[in-house]
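The values are calculated or read from the model by the stated rules, or taken from the named source; none is laboratory data. Just so it is clear, the structure is predicted and the values come from calculations on it, not from any experiment. Don't worry about glycine lacking a Cβ; one is built from the backbone with ideal geometry, like all the others, and counts go over all protein chains shown.
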Ligand SMILES: Nc1ncnc2c1ncn2[C@@H]1O[C@H](COP(=O)(O)OP(=O)(O)OP(=O)(O)O)[C@@H](O)[C@H]1O
Ligand SMILES: [Mg+2]
């Protein structure tokens, strides 16, 4: 059977990326790239270093401007307005905070910006930071910052969550907790775009995987279907596709 439950299959896309191109100076990083994220699914974006995963996420968030093509998020065209951003939570690369503030202050500030209300202690508990919410963030470890970045991304209950390498700096317990938390969030109706280099991890977290190579999604599959088909060869299969086409060398 396929990895996505029947109820998730035919819903409207939460994100639609259509024939998108993006260049930095003369170097084209994203080329004619198209894919969709469906409601309630975890879509795992895999690609080698420099494949363009972060760039693609920034384009979806409107943090970078595309050269051509079209992206819609929650039915709104990116670049045509910002209303959709209050329904999106994100953590791109390493989360940045005002170091002299503590986690409670940072989350409270974020809620004000988003015009949302939520229980800060509940969120800190969810990400494993309860008890250190009053400590200045400059005294946090890398993994603690990552957990706070996730808290900030989810506290306003967004419909779409975009997480760029969220496992960076997490210990094995943190990785297991993150996996469980992402499952809980999708059960509540959240849709998630997740990037990672760790094939094994994304295999256990995502419903579908898209492989970004040569600036485009060269392969997309249901994780469960592919895992059943490949068995122990799953990782080798994915690696063979990830490295097949490196943009600039073709
Ligand atoms: N602001 C920028 N200006 C110029 N080039 C950039 C910029 N950001 C990224 N690039 C280039 O675009 C390409 C894709 O970078 P990007 O960060 O999107 O890749 P990535 O898949 O996220 O890589 P990683 O796995 O290392 O995080 C790289 O060649 C990078 O050097
Ligand atoms: Mg990146």
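Odds and ends about this structure:
- Here 83, 104 are screened, and the one residue that is away from ligand 2 (no atom under 16 Å from the Cβ) and at pLDDT 95 or above is 104.
- Only one of 187, 121, 176 that is over 22 Å from residue 54 (Cα atoms) and at pLDDT below 90: 176
- Taken over region 160-180, the criterion of being crowded, with 18+ Cβ neighbours inside 10 Å and more than 16 Å from ligand 2 (Cβ to nearest atom) is satisfied by 160, 161, 170, 174, 178.
- Restricting attention to region 32-62 and to residues that are within 13 Å of ligand 2 (Cβ to nearest atom) and part of a loop (DSSP other than H, G, I, E, B), the residue that is surrounded by the fewest Cβ atoms within 10 Å (Cβ to Cβ) turns out to be 49.
- Just one residue in the set 37, 2, 60 is touching a strand residue (DSSP E or B) at 6+ places or on another chain (Cβ under 9 Å), away from ligand 1 (no atom under 16 Å from the Cβ), under 30 Å from residue 227 (Cβ atoms) and at pLDDT 95 or above; that residue is 37.
- In a residue-by-residue description of region 198-218, the property of being over 28 Å from residue 242 (Cα atoms), surrounded by fewer than 19 Cβ atoms within 10 Å (Cβ to Cβ) and either over 16 Å from the mean Cα position of the chain (by Cα) or at pLDDT below 95 (or both) applies to no position.
- Number of residues in region 123-168 that are within 16 Å of ligand 1 (Cβ to nearest atom) and more than 21 Å from residue 100 (Cβ to Cβ) equals 7.
- Selection from region 179-205 of residues that are within 16 Å of ligand 1 (Cβ to nearest atom) and within 20 Å of residue 159 (Cβ to Cβ): 193, 194, 195
- Residue match in region 17-31 (condition: more than 12 Å from ligand 2 (Cβ to nearest atom) and under 14 Å from the mean Cα position of the chain (by Cα)): no
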